[in-house]
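The values are calculated or read from the model by the stated rules, or taken from the named source; none is laboratory data. Quick caveat, the model's predicted, so the values are computed rather than measured. Cβ: placed from backbone, ideal geometry, glycine included. Neighbour counts: every protein chain shown.
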Amino acid sequence: MYFAPKGDAGAPHVFRAHGADFTLLDLRPGKPAQLNLFRDLDQYALKNLLVAGFNLAETGDVADHYRISEQKAAKLIAEQFPHGANIQQVLAAAYALPEALKKDVKGLITKLENVADLSVLQTDSGIDVAGIINGGGCLYVIGSMDDEAVIRVQKMLFARCAQIIIARDEFRAWPHVSVMLDEIKYLLSKYVLNALGTLRSRDCNLLLAHQSLGDFGQCGQDLPADFVKTTVLDNTPIRWFYLLSSSALGSSTSGMVSFMVRSMLRSRRRSRFSTNSSARPARSPRSGRPDRPGKSGWTWSAAGPAGRRGTWSTSAGTASSRRKRGRCST
């Protein structure tokens, strides 16, 4: 699964050429009806999607007074649909909330109206996301970085993917799932961040791409920057850095990788001098000075996409899933 908030001219063609079961989902305004976000959901999953997409999680500040009311509204809406709904039914349920509560959640209803206006959601069925995840296939999602309604939908869609993966019976064999999240600040929610560790244990690996450490503070009003940064870094032990543009990011990067690079260099030098001249020389890392802040620098042999600046993080799969496939998941 590939989430691309800003789209990519070439990626859909590459995926289509390499997979027969390729599905393209375009969430932007004016696109054909393709998706029912609330298809086959129970009331608890529906409530969690509303909380994730509309940033209703509590943060401990004074705005929690309104978020608590909005959470109550989301709960009352979800309770009316124990077996799923469509976007128009959810909006109608919001209009039917008690008048006293509606006064406190006018903002939520307005945002829900904007989402309900998206043409891509005007269907009762549409793409079977659970079928793609559990049956195999490739789903490429084109979203947005500036349309607030589309951003909410892409957040809910990723949260829905997480729900489907977590709900899989861990004692059965399922297709391995790889999820690529480009521009993570437009995709993450508190619900998904709390589930990252669980996803890794459900035969799923995540690749998260972002431009800078500042992106961690722009994921939503209910997501403090420190919480996002700590959660993402703790769950992404494999990291790639490409074209670092600031000295602060360079210093932070060198603190995470320089010790390992120096150790590798010393080890390879010792190996080179201890073997005879016919031995195959060790390949040196691409970057030569990881401890110089501000210099560009993926410090290993791989690089990000051409012209791309930022950080790529990977969450590894479980040890059992790696053993089954005979290789390390990345």
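Key figures for this structure:
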quantity: Selection status of Leu139, touching a strand residue (DSSP E or B) at 6+ places or on another chain (Cβ under 8 Å), assigned to a helix (DSSP H, G or I) and not polar (S, T, N, Q); calculated: no
quantity: Residues that are of a type in the set (A, V, I, L, M, F, W, C) and surrounded by fewer than 18 Cβ atoms within 10 Å (Cβ to Cβ), drawn from region 92-115; calculated: Ala92, Ala96, Ala100, Leu101, Ile109
quantity: Residue selected from region 37-89 under the condition among the β-branched types (Val, Ile, Thr) and touching a residue at least 40 places away in the same chain (Cβ under 8 Å), by the criterion farthest from Val150 (Cα to Cα); calculated: Thr59
quantity: Residues located in region 188-200, provided they are of a type in the set (A, V, I, L, M, F, W, C) and closer than 16 Å to Ile164 by Cβ; calculated: Val192, Ala195, Leu196, Leu199
quantity: Top-ranked residue of region 79-91 - restricted to ones that are of a type in the set (A, V, I, L, M) and in a helix (DSSP H, G or I), ranked as surrounded by the fewest Cβ atoms within 10 Å (Cβ to Cβ); calculated: Leu91
quantity: Failed item, numbered, when Leu157 is tested on (1) closer than 20 Å to Leu181 by Cβ; (2) in contact (Cβ under 8 Å) with a residue 40 or more places away in the chain; (3) not in a helix (DSSP H, G or I); calculated: (3)
quantity: Those residues of region 161-185 which are in a loop (DSSP other than H, G, I, E, B) and within 13 Å of the chain's Cα centre (by Cα), in sequence order; calculated: Asp182, Glu183
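Table: residues versus (1) among the hydroxyl-bearing types (Ser, Thr, Tyr); (2) modelled with pLDDT of 95 or more; (3) out of contact with any Lys or Arg (no Cβ under 6 Å at 6 or more places or on another chain); (4) part of a helix (DSSP H, G or I).
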residue	(1), (2), (3), (4)
Arg67	no, no, yes, yes
Glu70	no, no, yes, yes
Ile77	no, yes, yes, yes
Asp124	no, no, yes, no
Gly131	no, no, yes, yes
